[in-house]
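To keep things clear, I will list the structure first and then write my remarks on it.
The values are calculated or read from the model by the stated rules, or taken from the named source; none is laboratory data. Because the structure is predicted, anything quoted here is derived from the model rather than measured. Don't worry about glycine lacking a Cβ; one is built from the backbone with ideal geometry, like all the others, and counts go over all protein chains shown. What goes into the accessible areas is simple: the full protein's heavy atoms, side chains included, and nothing from ligands, DNA or RNA. Shrake-Rupley method; radii C 1.70, N 1.55, O 1.52, S 1.80 Å.
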Amino acid sequence: MQNSPIPLNAPPVLVLQSGFTQNADLDRSNAPGIFSIFIEILTGSTDHFQVSVFPPGRKSYAEQDRGQIVQSLYLKEEAILLAGCQHIHPFCAPSQAYTCRMLVGAGLAGTLVNLISRIEDAEPNWHGQQKLLGLVKVLLVYIGRAYALRELPAESWEMGVFTRFNKMVAADQFNRRPVTDYASALSVGLATLNTALRKVSGMTARQIIQYHIIYEAKKAAITSDLPMKTVASDLQFGDVAHFSKFFRIGAGTTYSDYKRAFVI
């Protein structure tokens, strides 16, 4: 979960890259905290497009699995939080931490391509960041609507376990239940649980729980004025120093520096 430190006294870098993505870029896994979005035209079609969303840490698909990419965007999860879109699927990490693909028509694909192009043109200043966040919000809302209307594939057993596990973790409010308790509640062994979760998300049960916690801590830092002591208590850390170390490892910087870095 280690990231590079966030530079201070500079506009937050929310969009890492956009435009056409070379094939070599598609063969690597996403970095922690980075979503990638691809708009593709399907082979042999002029009016059927695919929107692919790769969540943090998920490896891009193989050459034979994709069409011709017409636009792409690498987006930090902080942009999603700042835009107030953390509730929109498939961007509400980590409960939707799996690759998502949706078929869309030419009209919607054109709208998405145009939005990404406008995001790329946003100026790196305060007004540009405000414009960027507005455009990001519109983009995510459009993708969220397409996600809600997508044709649902048959749910695998592993996906069912993954979905139920995440709901249980979220409902517990991070009360530090042993991982074995979740396995028992799902009527599976710990090894079986971790195998199912890895197949869907690439993460073990413990890693998913940690992801939940660091995501909630980042959300609190960006969207609230709560002091670190209160956030630590809300996330069931008995010791502020322990929370501070946990956050620094997970976010790559201190809580205070992270909070200052993403004030727009």
Completion exercise
Within region 187-199, residues β-branched (Val, Ile, Thr) and part of a helix (DSSP H, G or I) come out as Thr192, Thr195
Exercise for the section: Determine the pairs where a residue that is assigned to a loop (DSSP other than H, G, I, E, B), located within region 108-128, has a partner that is among the small types (Gly, Ala, Ser) with Cβ atoms under 6 Å apart, the partner being 6 or more residues away or on another chain. Expected result: Ala122/Gly128
Exercise for the section: Please verify whether region 147-168 includes one or more residues that are of a type in the set (Gly, Ala, Ser), open to solvent by less than 70 Å² (accessible area, probe 1.4 Å) and modelled with pLDDT under 90. Expected result: yes
Problem - Subset of region 192-203 (residues that are more than 17 Å from the chain's Cα centre (by Cα) and either open to solvent by 30 Å² or more (accessible area, probe 1.4 Å) or over 18 Å from Thr99 (Cβ atoms) (or both)) - result: Thr192, Leu193, Asn194, Thr195, Lys199
Handout entry: Residues located in region 251-264, provided they are more than 13 Å from Glu78 (Cβ to Cβ) and touching a helix residue (DSSP H, G or I) at 6+ places or on another chain (Cβ under 6 Å)
Key = Thr254, Tyr255
Fill in the blank from the handout: Every listed condition ((1) in contact (Cβ under 8 Å) with a residue 40 or more places away in the chain; (2) open to solvent by 10 Å² or more (accessible area, probe 1.4 Å); (3) over 27 Å from Arg248 (Cβ atoms); (4) not in a loop (DSSP other than H, G, I, E, B)) holds for Ser184 save (1)
Handout entry: Residue list for region 71-85, restricted to those being assigned to a strand (DSSP E or B) and of a type in the set (Gly, Ala, Ser)
Key = Ser72
